[in-house]
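One structure below.
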Amino acid sequence: MPSSFTGTLARRLDGLCALTVVEAVRAMPLVPGHVYIGRGDADIIVSSRAGKLIVMAAPALAEHRWHPSVDRLVTTAMQHLDASRLVGVLMTGMGNDGAVAMTQLHAAGGRTIAESEETAVIWGMPGELVKAGGAQAVLPLDAIAGQLLAWSA
């Protein structure tokens, strides 16, 4: 995503969602009920400071083709939290970003969802997750929130 888009996207989603949506442009504590969008020209990672989890923007690494990188986000989250406490959702997008790390998350006991081909505008990213065997569930867009609620009950 281009950096000129992600801030606008976060503000738009914040106005539409019951959850608070922000663009992570600096280190911020991870807070329940919040959604963090990574800047388009950087990655978003999970880290720890003073024993508390934070989310922060990090310079893009050349080893990741797309930014913000899903693979990098998931990998850093797994470094700080047990996989059984994580849920990954991979929705429409080009390429294979997220497929490797989310397959590892699933294998380690995390829960994963891939958006179905029927509703994805571009089934590249979720399709690669399905091909890798890393999707616990493959769901149409309108069923994803319900599955997340069911898993959190």
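None of the figures in this text is laboratory data; all of them are computed from the coordinates on show. Please read all numbers here as calculations on a predicted model, not as lab measurements. We place every Cβ from the backbone using ideal geometry, glycine too, and count neighbours over all the protein chains shown.
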> With respect to the numbered conditions (1) surrounded by fewer than 22 Cβ atoms within 10 Å (Cβ to Cβ); (2) in a helix (DSSP H, G or I); (3) among the charged types (D, E, K, R), which one is the sole condition not fulfilled by ARG72?
Replying inline: (1)
>> Looking at the structure I just gave you, is VAL89 among the β-branched types (Val, Ile, Thr), in a loop (DSSP other than H, G, I, E, B) and either touching a residue at least 40 places away in the same chain (Cβ under 8 Å) or within 21 Å of SER152 (Cβ to Cβ) (or both)?
In response: no
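To keep it simple, each residue is scored yes or no on (1) in a loop (DSSP other than H, G, I, E, B); (2) more than 20 Å from PRO126 (Cα to Cα); (3) of a type in the set (Lys, Arg); (4) touching a helix residue (DSSP H, G or I) at 6+ places or on another chain (Cβ under 9 Å).
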site	(1), (2), (3), (4)
LEU9	no, yes, no, no
LEU13	no, yes, no, no
GLY40	yes, no, no, yes
SER47	no, yes, no, yes
ILE54	no, yes, no, no
ARG65	yes, no, yes, no
> Within the range 31-41, can you find the residues that are among the hydrophobic types (A, V, I, L, M, F, W, C) and more than 14 Å from the chain's Cα centre (by Cα)?
Replying inline: VAL31
>> Given the options ASP43, ASP71, name the one that is charged (D, E, K, R) and touching a Lys or Arg at 6+ places or on another chain (Cβ under 8 Å).
In response: ASP43
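Does the range 111-153 hold any residues that are assigned to a loop (DSSP other than H, G, I, E, B) and surrounded by 12 or more Cβ atoms within 10 Å (Cβ to Cβ), and which are they?
SER116, GLU117, THR119, ALA120, ILE122, TRP123, ALA132, GLY134, ALA135, GLN136, PRO140, listed by residue number.
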